[in-house]
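Asks: Below: one structure in structure tokens.
What follows is calculated from the coordinates using simple rules that are stated; it is not laboratory data. Everything numeric here is computed off the predicted structure, so don't read it as measured data. Neighbour counts are summed over all protein chains in view; Cβ atoms, including those assigned to glycine, are modelled from backbone coordinates with ideal geometry.
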Amino acid sequence: MAFVERVFSGVQPTGNLHLGNYLGAIVNFVKMQETHNCIYCVVDMHAITMGMDVWGGPAELARNTREVTAAFIASGIDPKKHIVFNQSQVSGHAELAWIFNCVARMGWLNRMTQFKEKAGKDRENASVGIFDYPVLMAADILLYRATHVPVGEDQKQHLELSRDIAQKFNNDFGDSIRAQGANDGLFFPLPEPLITGPATRVMSLRDGTKKMSKSDASDNSRINLTDDADTIAQKIRKAKTDPEPLPSEEKGLEGRPEADNLVGIFAALSGRAKADVLREFGGGQFSSFKNALAELCVAKLAPIAGEMKRLVADPGHIDATLNDGADRARAIADETMKLSKDIVGFIRRR
């Protein structure tokens, strides 16, 4: 079967989108829409797999869903040319996840390292959703028969699971798939990782060995996409560094995680290589480099924060955008579910 090239990616609405989310994902989403047919999903069903103390309850979930949507649009994603919607509006995600639950194997899920990390020591008290969410992730992707998925290092294992589920479904139901007219017995594609260039791994401004995270107790550890210009500049100037001057070559960043992080942020925001940044600033003190980085961050991020604030103030507009995207997503999803049910043998309403 010939598959239409399509990109699917999602972001959880768990609040406090920050520079790491922007450089690690959203920047690439904006670039991909120039070359690919894209579906961008606010995965609110994934958000509730953790305890309510993490996702904040119903009102907070709705607010965060709108904030992620606002971040997409403010960053340059065009919801008219591409599809932007929230996952829970399309019931096919849950329906296909159940079919996939009956295709996937416990051993596959037991190998998922993120469950061990998220559940911690109290695994018996973890929700079934935390254990099973990689299957829902596979359904998210394959409901649209997406061929490509942009993935970070921590999601590669889940994409492999999506491929395994797609392959097993195709194998298990091969005769039924062929009876539906696909002579090659393929209904779901095996989605490929989309490589969009060197990954930008943004670390904490207070500890260069830890990822920038919304869960860090210190707000100074991260630059939130909602921060205003003064706050952004202040956080950059207060960022942890070491007493040595900036090196002139990348090798000099080894063993200096905070310096490496700040140079990496400058490189990513300016679209330059680290080596190029060091040629300009190498040998100088951090104070002057931080001033330049603060100016760059403000120039890039403050307009996004301003536009997000304007969009969030008009929830009706955001909801209309999500509803329109959900209608367009549902048109694709419904066709997949109709055929999936026929393939499995479910009698559906005609």
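Asks: For the chain, build the convex hull from the C-alpha positions and give me its volume per residue in Å³.
Replies: Numbers: hull volume 53.3 nm³, N = 350.
Dividing the Cα hull volume of the chain by its residues yields 152 Å³.
Asks: Based on Cβ point charges of +1 for Lys and Arg and -1 for Asp and Glu, what charge dipole magnitude is obtained for the range 8-154 about its Cα centre, in debye rounded to the nearest 20? Could the numbers behind the result be given before it?
Replies: Numbers: 12 positive and 14 negative charges, 49 e Å.
Here the size comes out at about 240 debye.
Asks: Another question, if that's okay. Within 10 Å, count the other beta carbons around each residue, average over each peptide in 166-178, 83-95, and list them highest first.
Replies: Details: 166-178: 17.2, 83-95: 20.8.
In descending order of packing, they fall as 83-95, 166-178.
Asks: Please arrange Glu5, Glu254 by how many other C-beta atoms lie within 10 Å of their C-beta, fewest to most.
Replies: On the way: Glu5 13, Glu254 10.
Placing the least packed residue first, the sequence is Glu254, Glu5.
Asks: With θ set to phi - 60°, apply the Karplus curve 6.51 cos²θ - 1.76 cosθ + 1.60 along the range 284-293 and write out the HN-Hα couplings as whole Hz, x wherever there is a Gly or Pro.
Replies: Per-residue couplings from phi come out as x, 7, 5, 4, 6, 5, 4, 4, 5, 5 Hz.
Asks: Restricted to Cα positions, what overall size does the range 53-207 have along the principal axes? Three whole-Å values, descending.
Replies: Cα spread of the range 53-207 along its principal axes, largest to smallest: 56, 44, 35 Å.
Asks: Work out the length of the dipole vector of the chain about its Cα centre, built from +1 on the beta-carbon of each Lys and Arg and -1 on the beta-carbon of each Asp and Glu, and round it to the nearest 20 debye.
Replies: Values: 43 positive and 45 negative charges, 53 e Å.
Rounded to the nearest 20 debye, it is 260 debye.
Asks: To the nearest 20 debye, what is the magnitude of the charge dipole of the range 194-300 about its Cα centre, counting +1 on the Cβ of each Lys and Arg and -1 on the Cβ of each Asp and Glu? Numbers along the way, then the final one.
Replies: Numbers: 17 positive and 16 negative charges, 46 e Å.
So the magnitude is around 220 debye.
Asks: State the dimensionless ratio Rg/Rh of the range 219-310 (Rg: radius of gyration of Cα atoms; Rh: Kirkwood radius). Each step should come with its number before you reach the end.
Replies: Details: Rg = 13.3 Å, Rh = 13.5 Å.
Checking Rg against Rh, the ratio lands at 0.99.
Asks: Return the sequence-ordered ³J(HN,Hα) values of the range 309-320 in whole Hz as given by the Karplus equation 6.51 cos²θ - 1.76 cosθ + 1.60 applied to θ = phi - 60°, using x for Gly and Pro.
Replies: Once θ is set to phi - 60°, the couplings for the range 309-320 become 4, 5, 5, 4, 6, 10, x, x, 5, 5, 4, 5 Hz.
Asks: Residue farthest toward the positive end of the dipole of the range 1-67, with Cβ of Lys/Arg at +1 and Asp/Glu at -1: which of Thr65, Val11, Val27?
Replies: Looking along the dipole axis, the top candidate is Val27.
Asks: Counting other beta carbons within 10 Å of each Cβ, put Cys41, Cys297 in order, fewest first. Let's see the in-between values first.
Replies: Values: Cys41 27, Cys297 21.
If I rank by nearby Cβ atoms, fewest first, I get Cys297, Cys41.
Asks: Can you give the helix-only mean residue ellipticity at 222 nm for the chain, where every DSSP H stretch with n ≥ 4 adds -39500 (n - 2.57) and the sum goes over all residues, rounded to the nearest 500 deg cm²/dmol?
Replies: Numbers: 15 runs with 181 residues, N = 350.
Result for the chain: -16000 deg cm²/dmol, rounded to the nearest 500.
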